[in-house]
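To start, the structure under review is shown below, and the notes come after it.
What follows draws every value from the coordinates through simple rules; no lab data is involved. Everything quoted here is computed from the prediction, not taken from an experiment. For neighbour counting, all protein chains shown are included, and Cβ atoms are generated from backbone atoms with ideal geometry for every residue, glycine included.
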Amino acid sequence: MEKDVIVKVRNMTKTFGSTVALNDVSIDVRRGEILGLIGENGSGKSTVTSIVAGMQKADKGEMLFKEEAWNPSSMLFALEKGIGMIVQESGTVPGISVAENIFLGESKTFQKFGVVNKKEMCKKAQEALDGIGANHIRAEQMTGSLDMQDRKLIEIARIMNKHPEVLVVDETTTSLSQTGRDIIYDIMNKMREENKAVVFISHDLDEIMRVCDALTVLRDGKIITTYEKAEYDEDKIKQSMIGRELEGDYYRSDYDGSYSEEVVLELQDVSLGEQLKNFNLQIHKGEILGVGGLSHCGMHDLGKVLFGAIKPAAGKVLIHGKELKNEAHAMKEQIGYAAKDRDTESLCLNASIKDNIAIGGLDKFSTAGFLILPWNEKKYVEKQIEDLSIKCQGMNQYASALSGGNKQKVVFGKWIGRGSEILVLDCPTRGVDIGVKQAMYQLMYQMKKEGKTIIIISEEMAELIGMADRVLVMKDGEVKKEFPRSKELSESDIIQYMI
């Protein structure tokens with residue numbers, strides 16, 4: 001029996017300046033189904049769903065929701081009417097409580113004689129959190145004290161508290177641990193069982209093939225094809241996404257795992273609360289070190305400690321045998337750091353591509369250490385844009401207008417441009433499409449061959465197995481197991497030490 005179409009998008013077009021984001025796009029979203037949208041960064045996935053969810057307007061085209069004309073004035077309006085969207089980046093306000101975030105803009109619901117009943121608000125917010133399986137978060141907590149994953153779960157609770165008939169999940173799982181992902185999967189499966197609909201956007205092809213009933217591929221703002229589950233073929237889908245077959249190796253093809261004996265970065269008896277416990281580690285010149293584990297195992301804190309962004313409570317971090325003092329010292333010693341929370345820790349979204357790249361290399365292109373000549377800065381930034389194939393309208397475009405993959409390229413450009421010898425990369429391919437991932441992996445391998453050192457911190461086991469010379473598995477602030485590079489190493493080998 002054919003499923004009812006709950007949302008129809010017809011002949012939608014959207015442009016941003018000279019960039020065509022959507023070109024005559026038509027999509028059907030069916031009840032009782034999880035529809036996957038996949039494509040390279042900038043293909044139009046987030047644009048079409050953000051228009052459906054009321055975030056922005058289309059230039060042309062029409063939409064129907066439950067057979068009636070649909071033109072939402074805002075995301076709040078769309079959510080009240082039955083379409084909710086969990087966005088890719090952070091959508092919470094840090095300076096207020098969890099409860100206030102869940103009922104953002106709705107405080108009047110809890111007012112009596114002009115006074116907000118915060119106890120009642122917290123009670124209802126806790127019910128919303130418990131309802132999605134996030135009962136470890138307390139409604140009265142300040143949102144800013146929580147990590148990236150828990151802030152994302154707050155957003156999910158806020159959306160699901162409105163019981164939407166259509167849920168858009170835009171790249172949300174990339175910022176979640178397996179526990180958080182399971183919460184999302186449970187919500188999606190429940191909505192399918194209730195004859196509601198889900199639109200799921202992800203760059204993880206394995207994930208999207210596993211959880212979706214149908215899969216629509218977009219490329220350059222156009223619909224390329226739609227596959228039903230019975231038609232899934234990984235190679236065909238990849239080719240549909242990028243318009244060609246992937247050339248060259250995706251991950252590394254060698255398995256020798258060799259690197260220099262020279263130690264460039266070292267941790268000696270480092271402790272940081274429960275995150276790192278008497279931690280000892282030596283990292284070598286020309287090594288790709290992989291660090292994996294569940295989200296709260298301490299690996300993300302390790303990355304910050306290696307860059308000097310967090311000072312350990314005890315122990316030392318040594319760079320070329322000298323104690324690391326802070327971030328400025330790390331940069332002077334040619335260490336670069338790409339944070340997991342890219343938009344708040346690695347980029348200034350309200351600044352241009354030029355400013356984001358140039359800030360990392362002021363000491364490299366300035367004259368006499370203080371005089372910045374515009375043509376030197378322009379040449380420096382243009383080289384990174386060209387070398388990394390950053391898709392943009394120009395170097396003065398704001399970073400906020402870029403796709404996830406191009407934002408990450410800007411972060412890479414900031415550190416590669418200044419000639420960083422050591423790169424600490426925390427979830428470096430989060431929210432990045434398959435073509436850009438391949439380019440990043442090849443870049444990392446080339447840097448290794450040049451004698452540079454890379455630390456990859458990741459929750460993606462395939463990434464660690466595919467790229468690292470050795471993999472450290474962390475749990476509860478400690479290294480539980482070390483694996484050398486091997487063709488036989490599997491995800492199940494690693495996972496048993498994570499849990």
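Some notes on this structure:
- Note on ASN189 and GLU68: with the Förster distance fixed at 30 Å, the Cβ-Cβ geometry gives a FRET efficiency of about 0.60.
- Helix-only [θ]222 nm of the chain, DSSP H runs n ≥ 4, -39500 (n - 2.57) each, per residue, nearest 500: -9500 deg cm²/dmol
- Inter-label distance for ALA313 and GLU120, nm, one decimal - labels placed 7 Å from Cα along Cα-to-Cβ: 4.2
- Summed residue charge, Cβ within 13 Å of LYS316's Cβ, Lys/Arg positive, Asp/Glu negative: 0
- Among the listed pairs LYS325/LYS391; LYS14/LYS379; LYS378/LYS407, those beyond 27 Å (Cα-Cα): LYS325/LYS391; LYS14/LYS379
- Couplings 3J(HN,Hα) for the stretch 299-316, derived from phi with the Karplus relation 6.51 cos²θ - 1.76 cosθ + 1.60 (θ = phi - 60°), are 5, 5, 5, 4, x, 5, 5, 5, 9, x, 6, 10, 8, x, 5, 8, x, 10 Hz, where x marks Gly and Pro.
- Residues of type lysines that LYS124 reaches as a straight line, Cα spacing below 25 Å, ignoring anything fewer than 8 places off in the same chain: LYS81, LYS108, LYS112, LYS152, LYS162, LYS190, LYS196
- Sparse packing (at most 14 other Cβ atoms within 10 Å of the Cβ) combined with a DSSP loop state is found for the following trypsin sites (Lys or Arg not before Pro) in the stretch 178-245: ARG244.
- Given charges at Cβ of Lys, Arg, Asp, Glu: the chain dipole, positive-most of ILE454, PRO72, ALA157: PRO72
- Three-way shape call for the stretch 125-258 based on the alpha-carbon gyration tensor, with the a/c threshold at 1.5: oblate
- Around SER295: net Lys/Arg minus Asp/Glu count, Cβ-Cβ under 13 Å: -3
- FRET efficiency, 1/(1 + (r/R0)^6) with R0 51 Å, evaluated for LYS379 and GLU323 via beta carbons: 0.90
- For TYR445, neighbours were defined as the other residues whose beta-carbon sits under 9 Å from its Cβ, and their charges (Lys and Arg +1, Asp and Glu -1) total +1.
- The stretch 35-129: chymotrypsin sites (Phe, Trp or Tyr not before Pro) in DSSP coil with no more than 16 other Cβ atoms inside 10 Å: PHE113
- Sorted largest first, extent of the stretch 196-346 alpha carbons per principal axis (Å): 56, 40, 25
- Of the GluC sites (Glu not before Pro) found in the stretch 442-492, the ones in coil according to DSSP and having at most 14 other Cβ atoms within 10 Å of their Cβ are GLU450, GLU488.
- When the pairs LYS340/LYS437; LYS322/LYS364; LYS332/LYS452 are compared against a 18 Å limit on Cα-Cα distance, LYS322/LYS364 fall above it.
- Length-normalised contact order for the chain - Cα pairs under 8 Å, 6+ apart - percent: 16
- Sorted by Cβ density within 10 Å, fewest first, the residues HIS296, HIS136, HIS203, HIS320: HIS136, HIS320, HIS296, HIS203
- Straight-line cross-link partners of LYS119 among the aspartates and glutamates, defined as a Cα under 19 Å from its Cα and at least 8 positions apart when in the same chain: GLU100, GLU106, GLU127, ASP130, GLU140.
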